[in-house]
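Asker: Dropping the structure in here first, questions after.
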């Protein structure tokens, strides 16, 4: 009798331990799924609302003189598109013209003898630095290359 | 590319002979809007090139697709990679003419409503388009504003089936150009 009550108590204890372990597993699973889901949703939210990067904080991928860049595009546009488009390009040249275009500034790098140059579009947040630039000045601009129409066009530009 | 340069250079050279007839800009604004249940999308390109001959009414607008700026980076990436395929089709060009040029008095300040018809090439497809255009003449300067609606399927721009019912199939394009006389 004594032996059997002991064995019942022992079995109950074993069952309780198993249940506790099972509960903890379930809780751990819920916690892990919640953390995982939260991380995935957080990343998706962040990614969805990500703004185009400020070029100021992006490393340059190519470095070139303004008129050399123009020459590369006029010589072989397909190759130049492949080499420079979407890349952060650092371009050195002489300021030919400055145009106010609403909330952006277009700084044109080039020379008087060529009808083509490099248009560097400074967005509103970098307008102040663009406003200090003067025609004739030698500057280096970092921007994202988008291709060529009449001129090579760089957007999201900053002064280096 | 060479064709665009040759055309514009020809117009520039011809323009110097008759400076007051031709107008030009390298900073035309083109904005597109797409309104849909999933998300509203708008993007701005401030470097469209345009030439306009006020005598014949001929007009041309060219733009780089990668120069469209979006508020969200992911939208810009999807636009370039999945929809417009800007690596493959880097430019969009409109060539047309003002149909009722006599309605516009370029010698007198004021606002004039006319229409423009022509061919729009985008994403490797060319379609006829007609749109109203408002000319504003102020002290010899000419501003042209136009708005047209584009059906994405006309230009074989495919929307992924997952979001097919949630993204607008129609895009509104607003063109706003401040022309300068070619001799300036």
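Asker: Can you find a residue in region B:142-152 that is outside any strand (DSSP E or B) and farther than 19 Å from residue B:94 by Cα?
Answerer: no
Asker: Considering only region B:72-119, how many residues are more than 20 Å from the chain's Cα centre (by Cα) and either assigned to a helix (DSSP H, G or I) or within 14 Å of chain A (Cβ to nearest Cβ) (or both)?
Answerer: Residues that pass the stated criteria total 10.
Asker: Okay, next question. Within region B:50-71, count every residue that is more than 17 Å from residue B:122 (Cβ to Cβ), touching a strand residue (DSSP E or B) at 6+ places or on another chain (Cβ under 8 Å) and not in a strand (DSSP E or B).
Answerer: Here the count works out to 4.
Asker: Name every residue in region B:54-67 that is under 25 Å from residue B:136 (Cβ atoms) and either more than 11 Å from every other protein chain (Cβ to nearest Cβ) or in contact with a helix residue (DSSP H, G or I) (Cβ under 8 Å, 6 or more places away or on another chain) (or both), in order of residue number.
Answerer: B:54, B:55, B:56, B:57, B:58, B:59, B:60, B:62 - these are the residues of region B:54-67 that are under 25 Å from residue B:136 (Cβ atoms) and either more than 11 Å from every other protein chain (Cβ to nearest Cβ) or in contact with a helix residue (DSSP H, G or I) (Cβ under 8 Å, 6 or more places away or on another chain) (or both).
Asker: Which condition does residue A:57 not pass, out of (1) surrounded by 16 or more Cβ atoms within 10 Å (Cβ to Cβ); (2) more than 12 Å from chain B (Cβ to nearest Cβ); (3) closer than 23 Å to residue A:129 by Cβ, if it passes all the others?
Answerer: The one condition residue A:57 does not meet is (1).
Asker: Another question, then. Say we look at region A:134-150 and pick out the residues that are part of a loop (DSSP other than H, G, I, E, B) and within 11 Å of chain B (Cβ to nearest Cβ); which of these is surrounded by the fewest Cβ atoms within 10 Å (Cβ to Cβ)?
Answerer: A:150
Asker: Give the residue, chosen from A:131, A:86, that is at the interface with chain B (Cβ under 10 Å from one of its Cβ atoms) and in contact with a strand residue (DSSP E or B) (Cβ under 8 Å, 6 or more places away or on another chain).
Answerer: Just a single option satisfies the conditions, and that option is A:86.
Asker: Tell me, yes or no, whether region B:156-164 has at least one residue that is surrounded by fewer than 18 Cβ atoms within 10 Å (Cβ to Cβ), free of Cβ contacts under 8 Å to residues at least 12 places away in the same chain and in a loop (DSSP other than H, G, I, E, B).
Answerer: Yes; the residues of region B:156-164 include at least one that is surrounded by fewer than 18 Cβ atoms within 10 Å (Cβ to Cβ), free of Cβ contacts under 8 Å to residues at least 12 places away in the same chain and in a loop (DSSP other than H, G, I, E, B).
Asker: So for region B:2-18 (the condition being buried (at least 21 other Cβ atoms within 10 Å of the Cβ), at pLDDT 95 or above and farther than 17 Å from residue B:176 by Cβ), does at least one residue qualify?
Answerer: Scanning region B:2-18, I find no residue that is buried (at least 21 other Cβ atoms within 10 Å of the Cβ), at pLDDT 95 or above and farther than 17 Å from residue B:176 by Cβ, so the answer is no.
Asker: Could you look through region B:22-49, keep only residues that are more than 10 Å from every other protein chain (Cβ to nearest Cβ) and out of contact with any strand residue (DSSP E or B) (no Cβ under 6 Å at 6 or more places or on another chain), and pick out the one that is surrounded by the fewest Cβ atoms within 10 Å (Cβ to Cβ)?
Answerer: B:37
Asker: Could you check, for region B:121-137, whether at least one of its residues is over 16 Å from the mean Cα position of the chain (by Cα) and part of a strand (DSSP E or B)?
Answerer: Yes; the residues of region B:121-137 include at least one that is over 16 Å from the mean Cα position of the chain (by Cα) and part of a strand (DSSP E or B).
Asker: Could you check region A:71-106 and list, in sequence order, the residues that are farther than 22 Å from residue B:73 by Cα, in a strand (DSSP E or B) and in contact with a helix residue (DSSP H, G or I) (Cβ under 6 Å, 6 or more places away or on another chain)?
Answerer: Answer for region A:71-106, where residues must be farther than 22 Å from residue B:73 by Cα, in a strand (DSSP E or B) and in contact with a helix residue (DSSP H, G or I) (Cβ under 6 Å, 6 or more places away or on another chain): A:91, A:93.
Asker: What are the pairs with Cβ atoms under 9 angstrom where one residue, in region A:96-120, is within 12 Å of chain B (Cβ to nearest Cβ) and within 19 Å of residue A:146 (Cα to Cα) and the other, located anywhere, is at pLDDT below 90 and part of a strand (DSSP E or B)? Sequence gap at least six, or different chains.
Answerer: Close Cβ pairs satisfying both conditions: A:106/A:100.
The values are calculated or read from the model by the stated rules, or taken from the named source; none is laboratory data. Not measured: the values here are computed from a predicted model. No Cβ is skipped: glycine too gets one built from the backbone with ideal geometry, and neighbour counts run over all protein chains shown.
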